[in-house]
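Just so it is clear, none of the values below were taken in a lab; they were calculated from the coordinates. Everything numeric here is computed off the predicted structure, so don't read it as measured data. FYI the Cβ positions are ideal-geometry reconstructions off the backbone, even for glycines, and counts take in every protein chain you see.
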Amino acid sequence: MRRLLLIALLFGQLFSQSFVQRLAAPVFYELGVQPNFQSNPLNLSDVEIIKAAQDSEYLDGIAYSSSNVVSLSAKLNYSPRLFAGRKTRFNLQLNHHYYHDIPERSYQSYSLGVRQSLGKYRYLNLGYWILPEYYLRNYRYQDISTLRTSREICKFGTDRFWLGYKHRITKRNTIEYRLTLRNEIYQAPFSHYDMHMLEGDLKLNLGQFNRLTLNTELQYGVADNDNEYDALDRSYKYLNIRPSLTIRLPGNHRLRLAARFDQRAYDSEQNDDPLHAGRYQDEYRFDFSILPKLDGPFIVEPFAGYRERSVDSSDPKVRDLKSFSRYWFGVRFGFKSVIDMYF
């Protein structure tokens, strides 16, 4: 009995040592602060901007249609070798955005991603991202029982879970297939806008050029309206295309150009739902950033962007009400380092 106990203790100790060794990996972290300016962060149409200027109650007293913003971020990367000597990469990211002139818009988001190496440039990716609460603006709401109309604060929370598989197709090119589940849950009295979405992604990375890296993402999704409050159907289908180009400049500086084209088509054909029936919209977004190569742990990245939505609808009022444009610019300052800690 004593021999069996001794063997068990030795085996447990060896297993414990092996597990501790697999956990031994550096922890990379990055902290950032991003002062920037955003025009029209509430995505107001031209019609709404005029209404808000004429009626202080339209946006519940919000006096500005633009805002200075301070964004804070923290990233952590840890890659132990948990399975068969292959790396398991954990990516944790926290973000906080404070809108100085429109504090109601301020929000936080959190994400955790895991990439498991399967060997020979093959990876399994999974992750979870959540934005607990996001303020849109005040919307008009009509109580179906009393038919009284009032303006109420509209907020929602959203999250998504994804599972993907990535592999190399040539020496410097990769492709990833991803399936994502998303939810948008609205606070009362707008719970009839709740959405559950299923989307598929195809991501292609082309890095065979010495000075250029091209990334392209093609995404198709279906959004189902989880509505038990009225007879309207707000479901839609969407297609998104997101190319980006990174140019390597002399001195290892980089220039990044990104674009995004989103299409959305609503399913509704109900005559009593002019807001969604026959509605179709396009969105264009362009991002520009400079990523200079700096000696040491510091990061300085100027950036700018523009977004525009164009809506087509059988009702001209909906076209004017739901179309908008906005732009932004700023500088991201960061600090990155590593904790070379062994467990």
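In whole percent, what relative contact order does region 239-290 give with Cα contacts below 8 Å and a gap of six or more residues? It would help to have the intermediate numbers written out before the result.
Working: 91 pairs, mean separation 18.5, N = 52.
With pairs under 8 Å counted, the relative contact order is 36 percent.
Evaluate the distance, in nm, between pseudo-label points positioned 7 Å from the Cα of Phe335 and of Tyr220 along their respective Cα→Cβ axes.
The answer from the label model is 4.8 nm.
With n ≥ 4 as the cut-off for DSSP H runs, can you work out [θ] at 222 nm for the chain, using -39500 (n - 2.57) per run divided by the number of residues, rounded to the nearest 500? List each step's numbers first, then the result.
Numbers: 3 runs with 38 residues, N = 343.
Using -39500 (n - 2.57) per qualifying helix, the result is -3500 deg cm²/dmol.
Starting from a Cα-only point model with no solvent, please compute log10 I(q)/I(0) by Debye for region 198-252 at q = 0.13, 0.21, 0.27, 0.31 1/Å.
Log10 of I(q)/I(0), two decimals: -0.53, -0.81, -1.00, -1.13.
Is there a quick way to get the dipole size of region 217-290? I mean about its Cα centre, with the Cβ of Lys and Arg at +1 and of Asp and Glu at -1; what is the value in debye to the nearest 20? It would help to have the intermediate numbers written out before the result.
On the way: 10 positive and 14 negative charges, 211 e Å.
In debye, rounded to 20, region 217-290 gives about 1020.
Just to confirm the filter: which trypsin sites (Lys or Arg not before Pro) across region 36-121 are DSSP coil and have at most 13 other Cβ within 10 angstrom of their Cβ? Spell out each step's value before the answer.
Numbers: sites: Lys51, Lys75, Arg81, Arg86, Lys87, Arg89, Arg105, Arg115, Lys120; in loops: Arg81, Lys87, Lys120.
Sparse-neighbourhood loop trypsin sites (Lys or Arg not before Pro): Lys120.
What FRET efficiency do you get for Lys120 and Gln187 if R0 is 45 Å and r is their Cβ-Cβ distance, rounded to the nearest 0.05?
Values: r = 47 Å, r/R0 = 1.05.
E(calc), rounded to 0.05, equals 0.40.
Place a +1 charge on the Cβ of each Lys and Arg in region 59-169 and a -1 charge on the Cβ of each Asp and Glu, then give the dipole magnitude about the Cα centre in debye, rounded to the nearest 20. List each step's numbers first, then the result.
Working: 17 positive and 7 negative charges, 230 e Å.
Computed about the Cα centre, the dipole is about 1100 debye.
Distance between Cα centroids, region 16-82 to region 177-256: provide it in whole Å.
17 Å
Going by average Cβ neighbours within 10 Å, how do the peptides 250-257, 225-232, 135-142 rank, with the highest at the top?
Numbers: 250-257: 12.2, 225-232: 13.9, 135-142: 15.5.
The packing order, highest mean first, is 135-142, 225-232, 250-257.
For the charge dipole of region 45-135, defined by +1 on Lys and Arg C-beta atoms and -1 on Asp and Glu C-beta atoms about the Cα centroid, which residue among Ser109, Phe90, Ser45 has the Cα displaced farthest towards the positive pole?
Phe90
Report the label-to-label distance for Tyr29 and Leu257 in nanometres (one decimal), using points 7 Å from each Cα along the Cα→Cβ vector.
So the label points at Tyr29 and Leu257 sit 3.8 nm apart.
Considering the options Met197, Ser65, Tyr121, tell which one lies farthest towards the positive end of the dipole of the chain, charges being +1 on Lys and Arg and -1 on Asp and Glu at the Cβ, about the Cα centre.
Checking the options against the dipole of the chain, the answer is Tyr121.
Let's see if you can work this out: charge +1 on each Lys and Arg Cβ, -1 on each Asp and Glu Cβ, no other charges. What is the dipole magnitude of the chain about its Cα centre, in debye to the nearest 20? Write down the numbers at each step before the final one.
Values: 46 positive and 38 negative charges, 598 e Å.
Charge dipole of the chain: 2880 debye, to the nearest 20.
Roughly what angle does helix 2-23 make with the longest principal axis of the chain, taking Cα atoms, 0 to 90 degrees, to the nearest 10?
Once rounded, one gets 50 degrees.
State, to one decimal in nm, how far the label point of Leu245 lies from the label point of Leu204, with both points 7 Å from Cα in the Cβ direction.
Between Leu245 and Leu204, the label points sit 1.6 nm apart.
Where the eigenvalues come from the Cα gyration tensor of region 25-339, what are the semi-axes √(5λ) of the equivalent ellipsoid, largest first, in whole Å? Intermediate results must be reported in sequence, preceding the final value.
Numbers: eigenvalues 280, 115, 78 Å².
With the √(5λ) rule applied to region 25-339, the semi-axes are 37, 24, 20 Å.
Where does the Debye-calculated log10 I(q)/I(0) of region 233-343 sit at q = 0.23 Å⁻¹, using only Cα point scatterers of equal weight, no solvent?
Results for region 233-343 at q = 0.23 Å⁻¹ read -1.20.
Relative contact order for region 25-339 using alpha-carbon pairs under 8 Å, separation at least 6, rounded to a whole percent? Walk me through the numbers before you get to the answer.
On the way: 845 pairs, mean separation 46.4, N = 315.
Relative contact order, region 25-339: 15 percent.
State which entries of Lys166/Lys322; Lys171/Lys237; Lys237/Lys336; Lys87/Lys203; Lys75/Lys237 exceed 30 angstrom in Cα-Cα distance in the structure shown. Let's see the in-between values first.
Details: Lys166/Lys322 37 Å; Lys171/Lys237 36 Å; Lys237/Lys336 40 Å; Lys87/Lys203 22 Å; Lys75/Lys237 33 Å.
In this structure, Lys166/Lys322; Lys171/Lys237; Lys237/Lys336; Lys75/Lys237 exceed 30 Å between Cα atoms.
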